[in-house]
């Protein structure tokens, strides 16, 4: 297998690296300390076209492949792990799910503002009693005429407090087992949708994480993502894409740690010379 990047991918890495040195690295420590979402930085990411790399151009993206997106996440994470994580969730899960499973109308209405960076997306699946065990989820969507009414509580939702578009997974027919889960696109401001306050975390502190509560939240049937009962398959696809993003973040963080180790070894002097020159 040939692991060599294309010339275009090498150029994209160079460009996003330059962007990070200029725009991300100078604010990384501050936004981590303040646990603040860097709205100005994300406006610059949107202006640079970094918020929809693998999304087709008719829907606001760059039309590149998923490896190219992973390169962008890697370099962002090298400069600021929280920024890389936020972009990974937004692009790799929220944008990709609508791109893969959305109707043409949904893509025009929701995907375009997401892929252009005007809106931010969130993946809403985890619950207080249901993480990897999706079957333990309790949030429901009850059909009522031409709409669904959602009730339940989600937690540890990345981008939860700041998202414009929520991709929500819940039961439309719990008795049907794996075929009873569905997914919905829900815009912020929908009555009955209430994001919580940002959780204080040990790491990824400027990546905003919260509960998202649904109380008699009425959602039009047109906002169903894919067919009713397709939620479990959609979630599996989200996990697949998300894991690539997590891996890319890990590579970026490790590269940053190596960079810092080398820098320190070259400037730390012991016994008359930098410790990098001493035999290890």
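Using the beta-carbon distance between residue 118 and residue 222 and R0 = 30 Å, what value does 1/(1 + (r/R0)^6) give for FRET efficiency, to the nearest 0.05?
0.90
Multiply the residue gap between residue 257 and residue 173 by 0.36 nm, knock off their C-alpha separation, and tell me the result in nm, one decimal place.
25.5 nm
Measure out, as a whole number of angstrom, how far apart the alpha-carbon centroids of the stretch 235-263 and the stretch 90-169 sit.
23 Å
For the chain, find the longest principal axis of its Cα atoms and tell me its angle to the long axis of helix 25-34, 0 to 90°, nearest 10.
The angle comes out at about 60 degrees.
Report, in deg cm²/dmol and to the nearest 500, the calculated mean residue ellipticity at 222 nm for the chain, where each DSSP H run with n ≥ 4 adds -39500 (n - 2.57) and the sum is divided by the residue count.
For the chain, the value works out to -11000 deg cm²/dmol.
Take the Cα atoms of the stretch 121-227, find their three principal axes, and give me the spread along each one in whole Å, biggest first.
42, 29, 21
Out of every Cα pair in the chain, what percent are spaced more than 28 Å from each other?
When every Cα pair of the chain is considered, 39 percent fall beyond 28 Å.
Read the figures in this text as sums done on the coordinates, not as results from a lab. Just so you know, these numbers come straight off a predicted model, no measurement behind them. Using ideal geometry, Cβ is built from the backbone for each residue, glycine included, and neighbour counts are taken over all protein chains shown.
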